[in-house]
């Protein structure tokens, strides 16, 4: 397939996603989302396991940032390729902090600080894959606008909730489109590094994390040991850790 044909496929995928989001009914934030199954207080920490499990994001984010330093172990053919990954790993650190803050006292106002860094993280990873697969210049040019788009999606949702017209469609598009597009980009464009198949594990872990989030109460009912939401945090952190592992283990193709 020609370069123009590949870009046309990606454009069609984006267009289809935008049309689906635009035609969907307004999606307000379900208040039940804030009612977590596991609300136990441990060592004085409310919702303790949902709070503490965010440490995984902090650990992976810091490991990733350390690997991006010269001699840190991450493999790059072009030093500029580090920047999108720096956004990604910094976003993971902020996600750990923001999510912990939200889970101490759940509600829409605090949920903003959970979703903002997550949107930044996802857009950083998306820009990193575009940089490596399509072109360094394209990925770096799109990095800023993609991050701004992610931030805007959260702010637009928050503003709609304050007006009593909550709508998650824009945020949902920003959250899920990168996870849909990354495998397509990996399929359309040849890898510049080994271990390209690790991206399958990254996306699969993220999907599993969303499944655990949906099954929060069901998982907790199996002995009341750990909830689905706590497992969501751990598996999502594993998804980020897989990115770090890929960077330090790969070689130029």
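For the structure I just gave you, tell me whether residue 22 is exposed (fewer than 13 other Cβ atoms within 10 Å of the Cβ), touching a residue at least 40 places away in the same chain (Cβ under 8 Å) and part of a helix (DSSP H, G or I).
Taking the combined requirement at face value, the residue satisfies it.
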State whether the residues of the stretch 237-253 include one that is farther than 23 Å from residue 126 by Cβ and not in a strand (DSSP E or B).
yes
Take the residues of the stretch 130-178 that are in contact (Cβ under 8 Å) with a residue 24 or more places away in the chain and outside any helix (DSSP H, G or I): which is farthest from residue 117 (Cα to Cα)?
134
Tell me, please, whether a residue that is surrounded by fewer than 22 Cβ atoms within 10 Å (Cβ to Cβ) and in a helix (DSSP H, G or I) can be found in the stretch 187-197.
yes
Counted residues, the stretch 43-71 - those being in contact (Cβ under 8 Å) with a residue 40 or more places away in the chain, surrounded by fewer than 19 Cβ atoms within 10 Å (Cβ to Cβ) and part of a loop (DSSP other than H, G, I, E, B)
1
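Looking at 142, 180, which one is touching a helix residue (DSSP H, G or I) at 6+ places or on another chain (Cβ under 8 Å) and either at pLDDT below 95 or within 20 Å of residue 232 (Cβ to Cβ) (or both)? Let's see the steps before the verdict.
Values: 142 fails: either at pLDDT below 95 or within 20 Å of residue 232 (Cβ to Cβ) (or both).
Just a single option satisfies the conditions, and that option is 180.
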Can you find even one residue in the stretch 130-150 that is under 30 Å from residue 37 (Cβ atoms) and surrounded by 17 or more Cβ atoms within 10 Å (Cβ to Cβ)?
yes
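Table: residues versus (1) in contact with a helix residue (DSSP H, G or I) (Cβ under 7 Å, 6 or more places away or on another chain); (2) in contact (Cβ under 8 Å) with a residue 12 or more places away in the chain.
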{"site": "198", "(1), (2)": "yes, yes"}
{"site": "218", "(1), (2)": "yes, no"}
{"site": "223", "(1), (2)": "no, no"}
{"site": "250", "(1), (2)": "no, yes"}
Residue satisfying all of: in the stretch 84-95; surrounded by fewer than 24 Cβ atoms within 10 Å (Cβ to Cβ) and free of Cβ contacts under 8 Å to residues at least 60 places away in the same chain; nearest to residue 67 (Cα to Cα) among these:
86
Report the residue count in the stretch 28-42 for those that are surrounded by fewer than 16 Cβ atoms within 10 Å (Cβ to Cβ) and not in a helix (DSSP H, G or I).
7
Please go through the stretch 72-108 and pick out each residue that is in a helix (DSSP H, G or I) and either over 21 Å from residue 175 (Cα atoms) or at pLDDT below 95 (or both).
79, 80, 81, 82, 104, 108
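The values are calculated or read from the model by the stated rules, or taken from the named source; none is laboratory data. From a predicted model like this one, the values you see are computed outputs, not experimental measurements. When we count neighbours, we look across all protein chains shown, and the Cβ atoms used for this are built from the backbone with ideal geometry, even at glycine.
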